[in-house]
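Data first, discussion second: the structure below is written as structure tokens.
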Amino acid sequence: MHPAYSVIMFSTLSGAGYGLLALAALAGASHGPASSFAFGALVMTMGLGLVTIGLLASMFHLGHPERAWRAISQWRSSWLSREGVMALVTYVPAMVFGWLWLDPASPPLAIRIAGLMLALMCALTVVCTAMIYAALPTIRQWRQPLVLPVYLVMAVATGAALLLAIATPYGRGAAVLAGIAVLALLAAAALKLWYWHAIDNQPRDLTIGMATGLPEPVRQWEQAHTARNFVMQEMGYHVGRRHARRLRRIVVVLLGCAAILALPALILGGGIGAAVAAVLSAVATLAGTLIERWLFFAEAEHVSSLYYGSARV
Amino acid sequence: MTTLPDTTAPGQAKLGLVIDLDTCVGCQACAVACKEWNTQGYHAPLTDEDPYGADPIGVWLNRVHGYESGEGPTARTVHFPRSCLHCENAACVTVCPTGASYKRESDGIVLVNPDTCIGCKLCSWACPYGAREYDYRDGVMKKCTLCIDRIYNQHLEPEDRQPACVRACPTGARHFGDLGDRDSAVSRLVSERGGYDLLPELGYRPVNKYLPPRSMIEAAPTEPPPALAPIGPGDGSLVENFFAWVDRVL
């Protein structure tokens, strides 16, 4: 599949935003109001900002962005529509939670209820994002049981790395957050390695013979057209597969480096050195996630490429 | 609404095509006729970008591929037209977030409403047959309409009320009809010739059927052709002797 940059930006940034909001919501649910207004406001602004930038980025994928409002209508059948609905609805608990969390006088029970609601809605929105891909029977590399946990854990990992980068300068709970970030980053790397192992070892069991219904062996001897077309451009992307092995290693190394860069905060619990390392950790996590999402598209093989001469997918 | 209509009711019309891979000669007339009709009708225009330049790209709703199949004496080349199969279980419809993509209850035709399509391309990702083509300039998805602006068009002569591709086919390799009616000509053709679905394992239940190429071994006569009569001495007639003389002289 051709990597759609707007969609890659969308799922990376909105995933990070929902991860950040969910972790802040859980922190509020367990600890009550934000430790300081500046810290809480920065977390909420960054979380909602990333989600909003991600949603706006996804509009660039559309041929008619001005009609995007129509996409919330078909939630009964379409995961993309459900994703749109959930993304919009989640703004409500996010605003309510932010309002309560930033006010030191808020009753802890109200923060707890709003926080748990927000964390749940964030998780459901990321589930919808993952299911857009995992529900397609046409792409073997996407219709995998691991796609959903990968999206969820990557959202937690990017959110945790960002929250750590914001929290470490304040020295509040940095050690606990660093622990969560390290665990989430290692889990993300492990899940991705498992996912790659799964797609590499699954047989390519659809053949050009099955696609055409003709006696094997079947091969294309004449192209349907001399020029390229949409299907070849969109579904028949081959550039990324050549570099896939190296890019996979880069993803794992970046996530590993991010985990290592979170260690100073875990051990020291704060300080300038730990804060700088935490910011670098967040940068490495986001970079690793962007490459991971690019690979998710580039390594995906679409069934329709069989009609264009692929022997099997 | 992008939920699919119930197509299991008896007598439910399922309009579609039956494509005979035995008689298709790969002339591309169906593809050209499709482009010609649909670039001025329902989908107008089917955009071509850089049409006379070095790198043209354009929207076509029907593509004719060429494949080699089999080995040894049964090996053959097959021309393979490919367009929307108007699936009963059309995932391109259910994934659509706006309801622009829909399957008609009355005849099962799958259509895109160009006024509400947002151009997210997810339907094309959901189609295993590569049947949908995005129009980069219009920003909406385009697909075969089974020529709804021909098949019900009272202004056309009755023989023209069929899809442009079917009307154009010079070998009669394309057939249009109601595959939901077991007694229709297309349904009989499918049962007689062993018509099949493409990629049935994916569960899309396409309405369009393909008729397999007939086996050349089976089609060949089992008796060797009678030997030609040997050319022997003639009957000695005057005319024959005259031509024999001419032959010698020349």
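Would you please give the FRET efficiency between A:ILE53 and B:SER215, computed as 1/(1 + (r/R0)^6) with r the Cβ-Cβ distance and R0 = 51 Å, to the nearest 0.05? Can you show the working numbers first?
Working: r = 61 Å, r/R0 = 1.19.
Efficiency at R0 = 51 Å is approximately 0.25.
Here the simple spin-label model places points 7 Å from the Cα toward Cβ, and for B:ALA75 and B:ALA227 these points are separated by 3.3 nm. Of the GluC sites (Glu not before Pro) in segment B:71-105, the ones in a loop by DSSP (not H, G, I, E or B) with at most 12 other beta carbons within 10 Å are B:GLU71. Accessible surface for chain A, divided over its residues, is 41 Å² per residue with a 1.4 Å probe. Relative contact order for chain B: 27 percent, from Cα pairs under 8 Å spaced at least 6 residues apart, divided by residue count.
In square nanometres, what is one fourth of the surface area of the convex hull spanned by the alpha carbons of the protein assembly as shown?
Details: hull surface 149.9 nm².
Taking the Cα atoms of the protein assembly as shown, their convex hull projects to 37.5 nm² on average.
Judged by the mean number of other Cβ atoms found within 10 Å, the most tightly packed of the peptides B:28-39, A:258-269 leads the ranking A:258-269, B:28-39.
In sequence order, segment B:168-179 has phi-based couplings of 7, 5, x, 10, x, 7, 10, 10, 10, x, 9, 7 Hz under the Karplus curve 6.51 cos²θ - 1.76 cosθ + 1.60, θ = phi - 60°, and Gly or Pro positions carry x. Accessible surface comparison of A:MET9, A:MET154, probe 1.4 Å, protein chains only, largest first: the order is A:MET9, A:MET154.
A Gaussian network model of chain B, with springs between Cα atoms under 10 Å, assigns the largest mean-square fluctuation among B:GLY70, B:GLY130, B:GLY58 to B:GLY70.
Using a Gaussian network model of chain A whose springs link C-alpha atoms within less than 10 Å, name the residue from A:ALA87, A:ALA227, A:ALA274 with the highest mean-square fluctuation. Greatest mean-square fluctuation among the candidates belongs to A:ALA227. Rg and Dmax of segment B:149-225, based on Cα coordinates, read 16.3, 54 Å.
Helical content of chain B, expressed as a calculated mean residue ellipticity at 222 nm, amounts to -5000 deg cm²/dmol (DSSP H runs of 4 or more residues, -39,500 (n - 2.57) each, divided by residue number, nearest 500).
Residues whose amide H lies under 5 Å from that of B:THR171, counting only those 5 or more places away or on a different chain, are absent; hydrogens are built 1.01 Å from N in the peptide plane.
Proximity of backbone amide H atoms, modeled 1.01 Å from N, is registered between A:TRP221 and B:GLY66, B:TYR67, B:GLU68 at under 5 Å, excluding neighbours fewer than 5 places apart on the same chain. Estimated from helical segments only, the mean residue ellipticity of chain A at 222 nm is -23000 deg cm²/dmol, where each DSSP H run of four or more residues counts as -39500 (n - 2.57).
Under the criterion of Cα pairs below 8 Å and six or more residues apart, the relative contact order for chain A equals 25 percent.
Plainly put, segment B:1-51 has a radius of gyration that is 1.13 times its Kirkwood radius, both from alpha-carbon atoms, as the Rg/Rh ratio. The eigenvalues of the Cα gyration tensor, multiplied by 5 and square-rooted, give chain B an equivalent ellipsoid with semi-axes of 48, 23, 18 Å from largest to smallest. Per 5 Å bin from zero, what fraction in whole % of the C-alpha pairs of segment B:76-140 is there, up to the bin with the longest pair? Using 5 Å bins, I get a P(r) of 4, 17, 28, 24, 15, 7, 4, 2, 1 for segment B:76-140.
Express the accessible area of segment B:96-220 per residue in Å², computed with a 1.4 Å probe while the remaining protein chains stay in the model.
On the way: 5100 Å² over 125 residues.
On a per-residue basis, segment B:96-220 sits at 41 Å².
Mean partner shielding of peptide A:204-210, defined as the number of other chain Cβ atoms within 10 Å of each residue Cβ, is 2. For chain A, the membrane-span-like helices by this rule, meaning whole DSSP H stretches whose C-alpha atoms cover at least 18 Å of axis and whose Kyte-Doolittle mean is 1.6 or above, are A:37-59, A:108-134, A:147-167, A:272-298; this says nothing about an actual membrane. Scanning chain B for DSSP H helices at least 27 Å long along the axis (C-alpha atoms) with a Kyte-Doolittle mean no lower than 0.5 picks out nothing. Rg over Rh for segment A:169-210 works out to 1.43, both radii taken from alpha-carbon positions and Rh defined as the Kirkwood radius. Note on the protein assembly as shown: Lys pairs 8 or more places apart or on different chains, Cα atoms under 16 Å apart, count 8. If you average the alpha carbon positions of segment B:63-101 and of segment A:106-158, how far apart do those two centres end up, in angstrom? Spelled out, the Cα-based centre of one part sits 35 Å from the other. Between A:LEU116 and A:GLN233, the C-beta separation translates, for a Förster distance of 60 Å, into a calculated FRET efficiency of about 0.85.
Normalising by the residue count of segment B:34-92, find the relative contact order in percent from Cα pairs under 8 Å and 6+ residues apart. Walk me through the numbers before you get to the answer.
Numbers: 63 pairs, mean separation 13.3, N = 59.
The normalised contact order for segment B:34-92 reaches 23 percent.
Averaged over peptide B:131-142, the number of partner chain Cβ atoms lying within 10 Å of each residue's Cβ comes to 3.
The values are calculated or read from the model by the stated rules, or taken from the named source; none is laboratory data. It should be emphasised that the depicted structure is a prediction, and the values quoted were computed from it without experimental measurement. Cβ sites come from the backbone with ideal geometry, for glycine too, and all protein chains shown count toward neighbours. Each accessible area value is taken on the protein alone, full model and side chains, heavy atoms only, with ligands, DNA and RNA left out. Shrake-Rupley method; radii C 1.70, N 1.55, O 1.52, S 1.80 Å.
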